[in-house]
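Here, each number is a calculation from the coordinates, and none is a lab measurement. Predicted model, so just to flag it, every value in this text is computed and none were measured. Positions of Cβ are generated from backbone atoms using ideal geometry, with glycine treated the same way; all protein chains shown enter the neighbour counts.
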Amino acid sequence: MIAPENDVQAQTLAMQAPIAARPSLWNKALRNRRVMAGTAILALMLLVAVLAPWLGTVDPALIDVSARNLKPGELLSITLDDGSAVDHTAYFGTDNLGRDVFSRVLYGTRVSLVIGAAVAMISLTIGLVIGLLAGFFRHLDGPVMRVMDALMAIPGILLAITLVAIWKGGMLTVILAIVVPDIPRVVRLVRSVVLSVREEPYVEAAESLGAPTVWLLIRHVLPNTVAPLIVQGTFLCAAAMLSEAALSFLGIGIPPEIPSWGNIIAEGRALFRVHPHNIFYPSIFLALTVLAVNVLGDGLRDALDPKMHKNL
């Protein structure tokens, strides 16, 4: 039995009403508690990195052997360029070379945030392009994915150590060493999304009507990869911070003259039992930052994944 025209219109409006009244996934993400908590901690760390020179710090590379291994809260006498001495409170104590740990930890925030953000952006950009091509063009899928499988077969930390050993250690070398193992993960993610989207009726209809391939990728395929890529980017950022700390701890990452959390921990491990503050404070900053990024990623995943919502 065919329903009357009015009944059909009523049913159509009833189906469309919940969708129109339903808040968007991005609004849900902004209201997610974990997203708010992770964003707040990251914003605080960003402020610390930007305002480090004005937060009661001194030159993080300043060496004063006479003030070695001071306890947190003790006074540190600093000699200025004009020869005058100024007392400075070593809030986190000093290391075995007399350098202020508080200043080194705050300036080290810049290194970790820059490396984490740079690795995430570069990996997502390169992986997005390769994943779109591999997923949409069938003749490229096989060769590209075999190369990605070969890269994933190599342990990431070993590949990073090899690349750092070939070139001189530095921030750019560390970023490159961490980016290379992360690209295959992004490629596989984007490829899986493209393979599912390209079979949708609206994509097949646009392709049958002669729509340009570039237009199809930008208009229909690319928007579907935004949400999973944002979530993946947060985890890549957190993993990059840990990888940088590990490489610096092994002595093949950031040069010792540049303060980073990994360098501070590596230099303080020899006297850990006697002066644990040299490791305690940078470890707390590293753990808090990585935790904030992971919490942000979990919140974005729950908010942006339609399968996590029962009302969809």
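For the reader, a short list of remarks on this structure follows.
- Sorted into 20 angstrom bins from 0, the C-alpha pair distances of the chain split as 26, 45, 22, 6, 1 percent.
- Placed amide H near residue 88: partners under 5 Å, 5+ positions off or other chain: 76, 77, 78
- Whole-Hz ³J(HN,Hα) from phi, Karplus 6.51 cos²θ - 1.76 cosθ + 1.60, for the range 152-162, glycine and proline x: 6, 6, 8, x, x, 5, 5, 5, 5, 5, 5
- Phi angles of the range 183-198 translate, via the Karplus equation with coefficients 6.51, -1.76, 1.60 and θ = phi - 60°, into HN-Hα couplings of 4, x, 5, 5, 4, 5, 5, 5, 4, 5, 5, 5, 4, 7, 6, 5 Hz per residue; Gly and Pro are given as x.
- Sites residue 219 and residue 125, calculated FRET efficiency, Cβ-Cβ separation with R0 22 Å, nearest 0.05: 0.65
- Ordering of 206-213, 89-96, 68-75 by burial proxy (mean other Cβ atoms within 10 Å per residue, highest first): 89-96, 68-75, 206-213
- Rotationally averaged projected area of the range 185-232 (alpha carbon convex hull; nm²): 3.2 nm²
- Dipole-positive endmost among 288, 266, 43 within the chain (Cβ charges, Cα centre): 288
- Going by neighbour counts of Cβ atoms within 10 Å, the residues 190, 144, 179 line up, fewest first, as 144, 179, 190.
- Remark: the range 208-214, residue by residue, has Karplus-estimated 3J(HN,Hα) of 5, 7, x, 5, x, 4, 4 Hz, where x stands for each Gly or Pro and the curve is 6.51 cos²θ - 1.76 cosθ + 1.60 at θ = phi - 60°.
- Per-residue extension of 0.36 nm, minus the Cα-Cα distance of residue 167 and residue 140, leaves a gain of 6.6 nm for this segment.
- Take every Cα pair under 8 Å whose residues are at least 6 apart in sequence, average their separation, divide by the length of the chain, and the relative contact order is 24 percent.
- Net length available on complete extension from residue 31 to residue 97 is 19.1 nm, with 0.36 nm assigned per residue and the Cα-Cα distance removed.
- Taking the average, over residues, of other Cβ atoms within 10 Å as the packing measure, peptides 165-171, 46-52, 255-261 rank 255-261, 46-52, 165-171 from highest down.
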